[in-house]
Amino acid sequence: MKKYIMYSLFFLVTPLFAQQEDTLVLNFKEYLGYVKKYHPVAKQAELNISMGQANLMKARGGFDPKMEVDYDRKKFKGSEYYDLLNATFKIPTWYGIEFKGGFEQNEGDFLNPQDSVPEDGLFSAGVSVPIAQGLFINDRMATLRKAKFFREQVKADRDLLVNQILYDASLAYFDWLRAYGEKEIYSNFLDNAKIRFEGIKKNALAGDIAAIDTVEAKIAYQNRALSLEQAKVKLMNRSLELSNFLWLEGNIPVELQSNVIPDSKVEEDIDSTLEIMGRPLDSFTIEDHPKLRSLNYKIEGLEVDRKLKANKLLPRIDLEYNFLTETPETARSFNTAEYKAGLAFSFPLFLRKERGDLKLAKFKLQDAQFEFETTQLQIRNKVMAIYIELESFVNQNELIENIVKDYQALLTAEERKFSFGESSLFLINSRERSLIDSKLKEIEVQNKFFITKAKLFNSLALNPLNL
């Protein structure tokens, strides 16, 4: 049913509705629901989540077991120089330790003596351990940790992206609502001016009033008509701006029909739609803000990078030990006296590259921490200012509502006096202009009130679950 209603809103869907004169109300909640579901930016935000998962999978691949096979053979002038087969199975672990299992089988007329093995081959099982650099943190560990933080960071960034597009879409809806309200005001007062003009024209023809009064009534009517045309152009522009946020499944952009109107009762459900209802200032917890969560995960990733760079200052010392046996199926065949072991050591004398990398990592970490503290303060102050602004708008709406009522009473009284011949058309037009200005001001204040609510929604970076 919802999909049918949505399709009926747009002229790209079916030409039948282009001929239909009945107005259709585009509900604010339903509108934002379609923006969140179908807008390309919202889909892009979800795509970033998938990218984070793919990045994590890639990082976990650094701990995948690995099979390696090296085979070399040389035969020349009837002589087999060598036939070398070396197969290894490696299992990396978290703390840089690597378990190995291997098989080696070599033969040939000119075989290097160190490659000589039993005729049926030689099996080995052992372990490689870094005892300085790479033991508690290494490139594989750091990459996986940073990938986990990145996955959580893109989730927070997703909420920020979705919130921003919903915020922009809300502003477009409120501007559209304001333009529609202004058009309706001018349309209503144009009807009043036309009725008044026709009445004065008849009275002038009957000789009851001066003919010059018809000129003043005509000028008022034409001014109302001019204002209405300008309001219609403004409404069309706002409708087109709103259409930028309207998409259907399959990335199909759509455009509003002229018979689609905004919901004039949006104030009743704006809080529930944006999920800012029941959120007093004292309930605001800045720690849950997506922007701060994103920065915090960024800091965590930079901290991992700093630890990795600090670890690079240590010398690289790798120990390797392998048991050797011809019969691996017999457990007792592994003898500690028969082994292949090794030690690898390396250490740059000046460590200029490593020390430079560590300093850069510290600067990046410090920069991110400064950004976190600054952003935290900005968000807190912005939210507090918006709450104060909202309280003011409650009073402003009440004041402008009373002003409109008073101007309406003045106009009604002036029209009654005019019917008794105790007033003039000039005074009626003056009262009417004041009433129009007050109604436009009322719409303006209401629009600012809605925009401030949207700013609160944006400042809290909420991602509504009920859309």
Practice task
Roll a 1.4 Å probe over the protein heavy atoms and report the accessible area of Asp191 in Å², nearest 10.
Solution key: 80 Å²
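Under 1.5 on a/c is rounded, so check that first for region 278-386, then, if it is not, pick prolate when a/b is larger than b/c and oblate when it is not; a ≥ b ≥ c are the square roots of the alpha carbon gyration tensor eigenvalues.
Details: a/c = 8.87, a/b = 2.32, b/c = 3.82.
Here region 278-386 falls in the oblate category.
Would you kindly state the longest site-free stretch of the chain, with sites defined as GluC sites (Glu not before Pro) in a DSSP loop (not H, G, I, E, B) surrounded by at most 13 other Cβ atoms within 10 Å? Present the calculation step by step, with values, prior to reporting the outcome.
Working: sites that count: Glu21, Glu119, Glu249, Glu329, Glu422.
Answer from the scan: 120-248.
Roughly speaking, to the nearest percent, how much of region 380-467's 1.4 Å accessible area is carbon and sulfur?
Numbers: 2570 of 4730 Å².
C and S fraction of accessible area: 54 percent.
Quick check: from the Cα gyration tensor, does region 162-244 come out rounded (a/c under 1.5), prolate or oblate? Kindly include the intermediate steps, with their values, before the conclusion.
Values: a/c = 6.14, a/b = 4.65, b/c = 1.32.
Here region 162-244 falls in the prolate category.
So what is the relative contact order for the chain, in percent, with contacts set as C-alpha pairs under 8 Å and at least six apart? Let's see the in-between values first.
On the way: 642 pairs, mean separation 98.7, N = 467.
RCO, the chain: 21 percent.
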Exercise for the section: Quote the FRET efficiency, to the nearest 0.05, computed for Glu255 versus Thr285 with a Förster distance R0 of 51 Å and r equal to the Cβ-Cβ distance. Expected result: 0.80
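Rounded, prolate or oblate for the chain? Axes are the square roots of the Cα gyration tensor eigenvalues, ordered a ≥ b ≥ c, and the cut-off for rounded is a/c under 1.5. Mind showing how you got there, number by number?
Details: a/c = 5.04, a/b = 3.12, b/c = 1.62.
Taking the square roots of the gyration eigenvalues as a ≥ b ≥ c, the chain is prolate.
With contacts defined as alpha carbon pairs under 8 Å and 6 or more residues apart, what's the relative contact order of region 114-229 in percent? Intermediate results must be reported in sequence, preceding the final value.
Working: 35 pairs, mean separation 23.5, N = 116.
About 20 percent, as a whole number.
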Practice task
Taking the Cα centre of region 340-436 as origin, sum charge times position over the Cβ atoms of Lys and Arg (+1) and Asp and Glu (-1), and report the length of that vector in debye to the nearest 20.
Solution key: 1140 debye
Fill in the blank from the handout: For region 76-161 (alpha-carbon point model, no solvent) the Debye-based log₁₀ I(q)/I(0) at q = 0.23, 0.24 Å⁻¹ works out to -1.04, -1.07
Handout entry: Filtered trypsin sites (Lys or Arg not before Pro), region 227-278: DSSP coil and at most 16 other beta carbons within 10 Å
Key = Lys265
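How high is the FRET efficiency between Glu98 and Arg380 when r is their beta carbon distance and R₀ equals 45 Å, given to the nearest 0.05?
On the way: r = 49 Å, r/R0 = 1.08.
So, using R0 = 45 Å, E works out to roughly 0.40.
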Completion exercise
Counting only protein heavy atoms and leaving out ligands, DNA and RNA, the solvent-accessible surface of Ile131 at a 1.4 Å probe, in Å² to the nearest 10, equals 90 Å²
Fill in the blank from the handout: Note: probe point = Cα of Lys43 + 7 Å toward Cβ; backbone nitrogen < 19 Å; residues of region 215-256 passing the test are 243-256
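Looking at region 82-162, which chymotrypsin sites (Phe, Trp or Tyr not before Pro) are in a loop (DSSP not H, G, I, E or B) and have at most 14 other Cβ atoms within 10 Å?
Trp94, Tyr95, Phe110, Phe136
Defining a contact as two alpha carbons under 8 Å apart and six or more residues distant in sequence, what relative contact order in percent does region 46-184 show?
On the way: 183 pairs, mean separation 31.6, N = 139.
After rounding, I find 23 percent.
The values are calculated or read from the model by the stated rules, or taken from the named source; none is laboratory data. This is a predicted model, so every value here is computed, not measured. FYI the Cβ positions are ideal-geometry reconstructions off the backbone, even for glycines, and counts take in every protein chain you see. Ligands, DNA and RNA are excluded from the accessible area calculation, which covers all protein heavy atoms including side chains. Shrake-Rupley method; radii C 1.70, N 1.55, O 1.52, S 1.80 Å.
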